[in-house]
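Contents: one structure, followed by commentary.
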Amino acid sequence: MTRETAFTLIVATCLLHGLISPALMYVAFFHPVWLPEMLPVTPEIVFYGSSMIVSTGTLLLTAVPAALAERVLKLGEEAALMVWLAGAAALTGFAVLARMG
């Protein structure tokens, strides 16, 4: 798998996690803190912004084990990308299980 394909899968997995994560409602609840006043407070804007915040947080959170695996364990770049993808897939899998009940 090429680097570009792996990173595209990582980003897609994180975006999916941002749409279905249980953390989405908590981020949406605090929209007065992060939503600029120049934007109208509509459900669509709050949902989209909350989803992007959760997706970005997922991307950053799952990058930590990949970076540690690359530096500490001296894994190659491709193996680190697979660790990153596995972390993102695990978080998304837990979100899917939480959404299903």
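The values are calculated or read from the model by the stated rules, or taken from the named source; none is laboratory data. Keep in mind that what you see is a predicted model, and the values were worked out from it rather than measured. Don't worry about glycine lacking a Cβ; one is built from the backbone with ideal geometry, like all the others, and counts go over all protein chains shown.
At a glance:
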quantity: Single residue of region 60-101 satisfying the filter (among the small types (Gly, Ala, Ser) and not in a helix (DSSP H, G or I)) that is surrounded by the fewest Cβ atoms within 10 Å (Cβ to Cβ); calculated: GLY101
quantity: Conditions (1) of a type outside the set (Ser, Thr, Tyr); (2) modelled with pLDDT of 95 or more; (3) under 17 Å from the mean Cα position of the chain (by Cα); number of the one not met by PHE30; calculated: (3)
quantity: Single unsatisfied condition, LEU81 versus (1) at pLDDT below 90; (2) in contact with a Phe, Trp or Tyr (Cβ under 8 Å, 6 or more places away or on another chain); calculated: (1)
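Conditions (1) out of contact with any Ser or Thr (no Cβ under 8 Å at 6 or more places or on another chain); (2) closer than 19 Å to ALA12 by Cβ, marked per residue:
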position: LEU59; (1), (2): yes, yes
position: ALA63; (1), (2): yes, yes
position: ALA67; (1), (2): yes, no
position: VAL72; (1), (2): yes, no
position: ALA79; (1), (2): yes, no
position: TRP84; (1), (2): no, yes
position: GLY87; (1), (2): no, yes
position: GLY93; (1), (2): yes, yes
position: GLY101; (1), (2): yes, no
